[in-house]
1. Assuming R0 = 35 Å, what is the FRET efficiency of R113 and A59, from their Cβ-Cβ distance, to the nearest 0.05?
2. Expressed in nm to one decimal, what extension gain is obtained for the pair A135 and A93 from 0.36 nm per residue of sequence separation less their Cα-Cα distance?
3. Carbon and sulfur: what percent of the chain's accessible surface (1.4 Å probe)?
4. Antiparallel DSSP bridges in the chain: what percent, to the nearest 5?
5. Between 0 and 90 degrees, rounded to the nearest ten: what's the tilt of helix 95-113 against the longest Cα principal axis of the chain?
6. To the nearest 10 degrees, how steep is helix 2-23 against the longest Cα principal axis of the chain, on a 0 to 90 scale?
7. What is the set of long-range amide H partners of A27 at a cut-off below 5 Å, with H atoms built 1.01 Å from backbone N?
8. Measuring with a 1.4 Å probe in the full set of protein chains, what accessible area per residue, in whole Å², belongs to the chain?
Amino acid sequence: MRTLRLAGAASAGLLVLGACGSQQGAALFVGDERVPETTIDGYVATIADFRAEQGEDLAIHDYAGDREQVVVYVLYTELGEAVGLEPVSDTGADELETIALEAENYFQQLVGRAEPRALTADEIEAVAAAAATDANVAGYTQTDLELLAGFTDDLAGYVEEYDVSVNPRYGEFDLSPLPSVFPVEVPQR
């Protein structure tokens with residue numbers, strides 16, 4: 001009897017270790033889709049190659065912004081596919097350009113599905129604060145902001161519904177186009 005209990009405990013331990021191992025090397029998750037870090041790193045390497053061709057000194061380049069942009073591209077592409085949106089018909093010159101076109105296509109479709117909503121008092125204050133330091137925010141109309149509010153509500157719902165998460169290697173991640181006003185934080189896993 002004791003042997004059976006030890007075997008059961010060992011099996012449970014192996015299952016837990018196996019579950020942890022299946023998440024190692026993953027950059028992000030959208031539903032059942034697991035995007036490996038190697039995919040993100042490959043796109044970042046493509047950007048680095050382009051920068052090197054342009055004569056940029058890569059020894060002093062900070063890749064954090066490139067990684068974040070690539071994660072956004074891949075995340076919107078995976079989310080668009082999970083939601084069942086219409087795929088892009090145009091392909092780019094390379095894989096990175098294609099994923100950027102896909103991400104933009106899905107982003108536009110998600111925005112197009114959004115229902116505008118009135119801003120809360122806190123959001124109005126956040127817009128005023130952001131507009132004081134950001135000319136882009138200052139240029140938004142009330143209609144633009146109401147659409148962004150509805151869109152980010154939808155994004156937050158998609159993050160929850162499709163169990164979207166990002167590897168902690170990529171830091172705290174916000175999917176919102178205007179995070180200072182309408183945050184849409186993506187959990188880490």
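The values are calculated or read from the model by the stated rules, or taken from the named source; none is laboratory data. None of the values given here were measured: they were computed from a predicted structure. Every residue, glycine as well, gets a Cβ built from its backbone with ideal geometry; the counts of neighbours run over all protein chains shown. When the accessible area is computed, the model is the full protein with side chains, heavy atoms only, and any ligands, DNA or RNA have been set aside. Shrake-Rupley method; radii C 1.70, N 1.55, O 1.52, S 1.80 Å.
1. Using R0 = 35 Å, I get an efficiency of 0.20.
2. 11.8 nm
3. Using a 1.4 Å probe with all protein chains present, the chain comes out at 53 percent carbon and sulfur.
4. So the antiparallel bridges in the chain amount to around 90 percent.
5. Rounded to the nearest ten degrees, it is 70.
6. Rounded to the nearest ten degrees, it is 30.
7. Placed amide hydrogens put V35, E37 under 5 Å from A27.
8. For the chain, the per-residue accessible area is 59 Å².
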